[in-house]
Amino acid sequence: MSVCEANMVRRKRQLQNNVEEHGEDWEESVSSNSKHGKVTSSLANTEDDERNSTPCSYLPKGGQQYEVGAMAESVANKNLAIFILSNNIAFDIVEAPFFGDFVRGVAECGIRYKLPSSMTLQRKAFPEVEMEVEKYVEKVRQSWIKIGCTIMLGMRKNFISIIAYSAEGAEFLKLQKIPKCQKSSFDVKDIVSSTIEDIGEDNVVQVITNNDTIYNSIENMSLNKYSQIFKTRCVAHEIHSLLKAIGNEVGWIQETIDNASLIVKCMDEDVNILSKVKYPCKFKFASNYQMLQSILSNKNELQQLVSFGKGNLPEDNKRTAKITNIIKSGNFWSQVPEVLNALEPLIDVLRLVEDDRPTIGYLYEAMEKAKETLERQCSNDSTKYEKILALFQEWRSNKIIHPIHAAAAF
């Protein structure tokens with residue numbers, strides 16, 4: 001095994017360990033730390049190398065697209081992997097939007113594009129980006145005066161993030177560390193008050209948070225001083241919370257999801273069908289909806305696996321028998337679409353509020369439509385849907401719908 005391959009193996013194991021340890025935090029993080037070590041580039045600089053190299057795909061200014069050679073694509077991917085490993089960069093850097101912009105920009109320049117020197121970056125490119133950022137921030141802050149803004153508070157582990165959002169965009173304001181010894185008793189009122197004062201209380205429409213502790217702390221904060229500022233909960237967070245409550249408290253839904261999870265988790269990775277099945281994320285219950293969709297769409301393949309003995313099921317006979325019985329069970333396959341139908345009204349609301357565009361004016365109507373659908377389902381089968389409707393009404397009244405949502409709808 002070469003040094004490079006050994007590094008790749010170590011990085012893969014490190015990634016797996018970090019995912020298990022940090023969970024959702026790791027999924028959403030994009031590390032760009034570098035060791036600043038010298039890296040030997042494999043880019044060709046001579047005319048001979050340019051003539052003899054395999055042509056890569058690019059989009060010239062004329063708009064014509066050239067086909068990528070398989071060998072050239074493989075070499076490019078390998079060079080990217082070496083760059084990531086040698087600079088200790090997270091693998092998911094390739095999913096960062098600005099990285100994609102850079103790659104597309106290189107493709108548009110064509111094969112004669114040459115990377116800028118570090119001096120060019122420092123003296124020209126970085127200052128240009130800095131000027132664009134300053135213009136963006138100024139534009140966003142001017143919008144606060146005209147139409148107001150929303151302060152968004154999020155808590156993750158020992159940090160509180162504060163972002164100001166308006167129709168012109170978002171600006172990250174600060175990241176406040178909370179000492180571990182004060183986490184349970186930490187009061188965010190001072191942080192919120194200072195942020196409001198910095199922005200201007202007349203320029204703040206509402207304060208939103210995805211954390212119950214923060215919400216309880218600011219709900220009645222300085223009612224006389226900030227009476228015109230609304231304090232609301234993050235709707236997306238509360239929809240996820242409602243879905244989780246339904247999954248935990250409605251027996252037939254919990255049973256169906258548990259059985260589906262068992263199918264996904266207990267089959268060996270070499271079973272081809274699993275490449276088509278989505279794994280649930282333990283941090284977001286809504287991912288179970290996608291898992292059920294993918295299992296239902298691959299129903300025939302799963303049934304063939306157990307009918308004809310294809311694939312390698314777990315060696316544990318009890319678990320093997322249980323998985324086989326689940327896949328052969330007509331009751332399971334009838335309940336999967338029923339669970340999807342039961343959760344679909346809430347998933348539709350979740351899709352709406354997780355959109356990057358402002359949705360406050362549409363939430364009230366979306367929740368009304370979800371309520372009507374659930375009431376219809378409950379009238380058809382109260383035994384199954386009564387608990388779901390009760391949980392929905394509880395979350396809708398106490399955690400999701402705020403007077404500001406009703407006002408924005410009319």
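The values are calculated or read from the model by the stated rules, or taken from the named source; none is laboratory data. These numbers come from a predicted model, not from an experiment. Glycine gets a Cβ as well: all are built from the backbone with ideal geometry, and neighbour counts include every protein chain shown.
Points to keep in mind about this one:
- The helices (runs of 4 or more DSSP H) located wholly in region 288-399 that include 2 or more residues which are at pLDDT below 85 and more than 25 Å from ALA236 (Cβ to Cβ) occupy 299-307, 317-328.
- Check on GLU95, closer than 24 Å to VAL129 by Cα, touching a Phe, Trp or Tyr at 6+ places or on another chain (Cβ under 9 Å) and of a type in the set (D, E, K, R): no
- Options SER217, SER161, SER227, SER194; residue that is more than 28 Å from the chain's Cα centre (by Cα) and closer than 24 Å to LYS399 by Cβ: SER227
- Pair list, Cβ under 8 Å, 6 or more apart: region 196-217 residue modelled with pLDDT of 90 or more and in a strand (DSSP E or B), other residue surrounded by fewer than 14 Cβ atoms within 10 Å (Cβ to Cβ) and aliphatic (A, V, I, L, M): none
- Condition check for SER379: more than 28 Å from the chain's Cα centre (by Cα) and surrounded by fewer than 16 Cβ atoms within 10 Å (Cβ to Cβ): yes
- Check on ILE388, more than 27 Å from the chain's Cα centre (by Cα) and at negative phi: no
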